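The values are calculated or read from the model by the stated rules, or taken from the named source; none is laboratory data. Nothing here was measured: the structure is a model prediction, and the numbers come from that model. For neighbour counting, all protein chains shown are included, and Cβ atoms are generated from backbone atoms with ideal geometry for every residue, glycine included. We work out accessible area using only protein heavy atoms, side chains counted, and drop any ligands, DNA or RNA first. Shrake-Rupley method; radii C 1.70, N 1.55, O 1.52, S 1.80 Å.
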Amino acid sequence: MNGWMGKIRAVLMLSILSLVLAACGKENLTALDPKGYGADTSMDMIILTTLIMVVVFLVVIIVYSIVLVRFRRKKGQENYIPKQVEGNHTLEMVWTAIPIVLVLIMGVPAVMTVFDLADESEASDSINIEVTGNQYWWHFNYAGEEVVTSQDLYIPTGEKVYLNMQSSDVIHSFWVPSISGKMDVNPENVNTMYIEAYEEGVYWGKCAELCGPSHSLMDFKVIAVSPEEFDQWIADMQSVDPADEPQDAVAQEGKELFEANNCMGCHAIGSSPSAVGPNLTNFGDRTKIAGFLEPTEENLVDWIMDPESIKPGNKMTGKYPNLSEDEASSIAAYLMQLKPSEVTPESVGGIN
Amino acid sequence: MSIATTQKKGFGAVLWDYLTTVDHKKIGNMYIAAGAFFFLIGGLEALIIRIQLIKPENDFISAGLYNEMITMHGTTMIFFAATPILIGFMNAIMPLQIGARDVAFPFLNSLGFWLFFFGGVLLNLSWIFGGGAPDAGWTSYAPLSLQSPGHGVDFYVMGLQLSGAGTLMGGINFIVTIVTMRAPGMTYMRMPLFTWTTFVTSILILFAFPALTVGLFLLMFDRMFGSAFFDVALGGNAIIWQHLFWIFGHPEVYILILPAFGIFSEIIPAFSKKRLFGYTSMVFATFLIAFLGFMVWAHHMFTVGLGPVANAIFAVATMAIAVPTGIKIFNWLATMWGGSITINSAMLWALAFIPSFTIGGMTGVMLGAASADYQYHDTYFVVAHFHYVIVGGVVFGIFAATHYWYPKMFGRILHEGLGKLSFWLFFIGFHLTFFIQHFLGLMGMPRRYWVFLENQGLDTGNLISTIGAFLMGLGTIVVLINVVYTAVKGKKVSGDPWDARTLEWAIPSPPPEYNFKQLPLVRGLDPLWIEKTEGKGKMTPAEPVVDIHMPNGSIYPFIMTIGFFIASIGFIFQVDNNVWLLAVYFGMALALGTMVVRSLKDDHGYHIHKEDLEREAD
């Protein structure tokens, strides 16, 4: 794919670089600035088809403009009757044949890339992560590693990571525009896709299939780290002991409240596969709270006090006793100090 | 009922006339009026959506209400605005174009209208009685549609089922009409393009709507009677809904766009003073588009995980539709080439259609490339694409048809100045609203997002889009003002105000109840034009003046529809309380009973006598 199309792309990228930089959206969110293999492949097809279509459009517009300039009824021509032309076989053949050729030019690479992006031959030798879509959060289980997390998906750069995705409720769609196109997360079957990030960074992910009131708040992130850092992160996550007592007194109280209110009924800390609610093992390192709020204790307290006002239709509302503001802030203090690893979103540049 | 009685009738008499009419022209007018009403509702919903998205993290409406808005906007616009308005024009114009006195089944025509209308009313009643409107998107994907609380989705199911039955009847009616009721000499290959597209569209309706009916039926049983067709936990399969929906849904796009193609294929030759270039290839392109339209539904499902083989096949099939569509675009351009083009409101819409729709078609091909679609899918890119097709194609077509055929239907001509004003407002608003959305999608904004977050580079684009939407709203208001103004003070016109080409312009405006006093003899494509340039200037009759057999009006279609409507409400609420089953029984008994009465009672219609016809001035 990266032969002749790479050349076209290089030329095009140079010529519209300024435009792209100015108007292609937020870095690490936009699909127009690909930073992973899937997004790159899609971008090749986007550029190829756009180029061909713009040429077609220009042809149409040129003919159209000539028609409008030359063949408008002029004054004094009110009774002029133009020649009634039935058709023209040569012309009609031309504008049938050329589109067929254009469709072939686009169709062949389209088919090739479709098969390329669906290639699962390397899956067994690669990192496999079970992804579960839930209203309105994402669960990630690193197969064979006893590492479970949610919302922030850590992957190593420069290699294919296979995601085996299924939904626990309605259909969701996993989309990290800068890294890869999307794939639906269905309740009835496991869909597999691979993603590969070229560079370290924090990439925005979005749910792309209407899944209820808080569909637009079901954001997640992909944290691409170097392979060494990834191994480090896995090791750090594996060494988490959920029973560890926090240093801070408030956080200790928070831990007791967390247990007393049976928060662990849904939220695991550590590698328990339980996935009723988001796993909180590395909650203190998360880029966002509830997927989109700044990671501050105040926001977390607001969330614990009244999740419904923040994420309508979420499954946490009403599942636990009412908490006082003090209790909520103790729990927040406990959760915010869950930072098992030196490898964090900040260590790869943070979220911009 | 003599044709000479044109004195003013009381309101009650007029109302009764419209409730019982089986005249294709009046039914056409009712389709258009009801469709326009739903178009305004859908437009208001669109504006509410755009106000919500005017700035990041806005809280103009709540998340749940937003999902209801997008669902109702899509459902209303597709099923209750665009489709019925086009069917209205087919009703009003197609019989005139083939030289027929009515459609083949006037009674069925009336029933079809009332079913559509009450389907739309039922759907919109969900706002008040449903505990909220449906909120699972106009596509109503399972299992979200199963999970949706309240009765919103139940109203969606029953409303669409009712109106779908009506649309299916309309389709069958048009097919039979075109096959059996063409005037002498009106061979298939002399039919105007609008009649051709009506014919092909009706065939699409005949094959596409049953898929929707089946899907809705399964959804109805899942929601109301405890079945589990789409419930994965009980062994169902949610993906089946998507297949059923899109096997209907993709042809539905062509059900909308083909009549618009037909409209432009009438207007462009009329105002270029040239016959349609490549008539035969236009007809075959129409068939090819219709055929391919059934072969590409899974391009709505590229990200579902159907696998690379399915995705590849559907990708290439989708791109192939560009070929017949391209043929059409170039044929329209070639029609104008060498012509003598008059630019008035109707032609403005047609001229604006060509580049606008070309953009929609181009992005369609781009979406067809499956590996690129992984990025476009379910983003604002798709929203932009289908609005370029549906607004830039279908709505422009509807506005063009309104300006073109209004004189024929009502005998008065729409005001040119207001027409041009509304055009420019709407045209500029349309491109402002939707062009930028291509980029919003690629910049990472999925569709159906209640809010977009701050500082994600999406603010400006959304603001521009909202401003454009308001311009479109203004343009629509000016069209309304124009119609009201014209109805009151518009200039009266003769039968052929545009010096046009096809048969409908050979009779007075508005046409008499029986359309043609004597059925015309058709001598070629563009029959009126042939007579004007090579003949006597008017159609040669194919028959002497004889008594005309007319069907009687009937209130039965209305009563049947009321029966089905009551039964639908019963179905919806029997989930809560069994008492509502009584409404089901009563409604079905009323509907079926009326059918029995209708079947057993002979109705021979009446005759307009030739003495009365002869007394009428030509």
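Remarks
- If you go through segment A:62-83 and pick out every residue that is open to solvent by 50 Å² or more (accessible area, probe 1.4 Å) and facing another protein chain (nearest Cβ under 7 Å), you end up with 6.
- The set of residues from segment B:330-350 being surrounded by 24 or more Cβ atoms within 10 Å (Cβ to Cβ), closer than 22 Å to residue B:387 by Cα and not aromatic (Phe, Trp, Tyr) comprises B:345, B:346, B:350.
Table: residues versus (1) among the polar types (S, T, N, Q); (2) touching a helix residue (DSSP H, G or I) at 6+ places or on another chain (Cβ under 6 Å); (3) open to solvent by 20 Å² or more (accessible area, probe 1.4 Å).
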residue: B:383; (1), (2), (3): no, yes, no
residue: B:413; (1), (2), (3): no, yes, yes
residue: B:417; (1), (2), (3): no, no, yes
residue: B:437; (1), (2), (3): yes, yes, no
residue: B:481; (1), (2), (3): no, no, yes
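- Sole exception among (1) in contact with a strand residue (DSSP E or B) (Cβ under 7 Å, 6 or more places away or on another chain); (2) surrounded by fewer than 18 Cβ atoms within 10 Å (Cβ to Cβ) for residue B:474, by number: (1)
- Residue B:283 away from chain A (no Cβ under 14 Å), among the β-branched types (Val, Ile, Thr), in a helix (DSSP H, G or I) and surrounded by fewer than 22 Cβ atoms within 10 Å (Cβ to Cβ): no
- Hey, residue A:90 at the interface with chain B (Cβ under 7 Å from one of its Cβ atoms) and outside any loop (DSSP other than H, G, I, E, B) or not: no
- Out of B:85, B:70, B:48, sole residue that is closer than 24 Å to residue B:391 by Cα and without any contact (Cβ under 8 Å) to a residue 40 or more places away in the chain: B:48
- Out of B:367, B:414, sole residue that is farther than 20 Å from residue A:181 by Cβ and at pLDDT 95 or above: B:414
- Test: residue in segment B:528-539 that is assigned to a loop (DSSP other than H, G, I, E, B) and either touching a strand residue (DSSP E or B) at 6+ places or on another chain (Cβ under 7 Å) or assigned by TED's automatic domain parsing to the domain that holds residue B:22 (or both): yes
- Here the condition is being touching a residue at least 40 places away in the same chain (Cβ under 8 Å), closer than 23 Å to residue A:216 by Cβ and not basic (Lys, Arg); of B:425, B:471, B:463, it holds for B:463 alone.
- Evaluation of residue A:130 against (1) in contact with a helix residue (DSSP H, G or I) (Cβ under 9 Å, 6 or more places away or on another chain); (2) more than 28 Å from residue B:456 (Cα to Cα) (one fails), failing number: (1)
- Total residues in segment B:249-280 satisfying the condition of being assigned to a helix (DSSP H, G or I), within 14 Å of chain A (Cβ to nearest Cβ) and of a type in the set (Gly, Ala, Ser): the figure is 3.
- Count of segment B:477-519 residues which are in a loop (DSSP other than H, G, I, E, B) and among the hydroxyl-bearing types (Ser, Thr, Tyr): 4
- Residue tally, condition part of a helix (DSSP H, G or I) and either facing chain A (nearest Cβ under 9 Å) or surrounded by fewer than 22 Cβ atoms within 10 Å (Cβ to Cβ) (or both), over segment B:305-320: 11
- Any hit, segment A:116-129, residues being surrounded by fewer than 21 Cβ atoms within 10 Å (Cβ to Cβ), facing chain B (nearest Cβ under 9 Å) and assigned to a helix (DSSP H, G or I): yes
- Figure legend. Inter-residue proximity from segment A:172-198: first residues facing chain B (nearest Cβ under 8 Å) and basic (Lys, Arg), second residues open to solvent by less than 10 Å² (accessible area, probe 1.4 Å) and not in a loop (DSSP other than H, G, I, E, B), beta-carbon distance below 7 Å, spacing 6+ or different chains. Indicated pairs: A:182/A:173; A:182/A:174; A:182/A:175.
- Matching entry among B:199, B:118 (being part of a helix (DSSP H, G or I), in contact (Cβ under 8 Å) with a residue 12 or more places away in the chain, open to solvent by 10 Å² or more (accessible area, probe 1.4 Å) and within 19 Å of residue B:22 (Cα to Cα)): B:118
- Among residues of segment A:99-111 that are among the hydrophobic types (A, V, I, L, M, F, W, C), those with a Cβ under 7 angstrom from a residue that is not in a helix (DSSP H, G or I), sequence gap 6+ or separate chain, pair up as A:106/B:369; A:110/B:369.
- Taken over segment B:215-248, the criterion of being touching a helix residue (DSSP H, G or I) at 6+ places or on another chain (Cβ under 7 Å) and assigned to a loop (DSSP other than H, G, I, E, B) is satisfied by B:227, B:228, B:229, B:230, B:231, B:238.
- Residue in segment B:456-468 that is more than 14 Å from chain A (Cβ to nearest Cβ) and among the charged types (D, E, K, R) present: no
- Across segment B:565-583, not a single residue is classified as without any contact (Cβ under 8 Å) to a residue 60 or more places away in the chain, over 30 Å from residue B:153 (Cβ atoms) and in contact with a helix residue (DSSP H, G or I) (Cβ under 8 Å, 6 or more places away or on another chain).
- Residue within segment B:77-84 that is surrounded by fewer than 24 Cβ atoms within 10 Å (Cβ to Cβ) and not assigned by TED's automatic domain parsing to the domain that holds residue B:384 present: yes
- Count of segment A:172-190 residues which are surrounded by fewer than 24 Cβ atoms within 10 Å (Cβ to Cβ) and either assigned to a strand (DSSP E or B) or not acidic (Asp, Glu) (or both): 3
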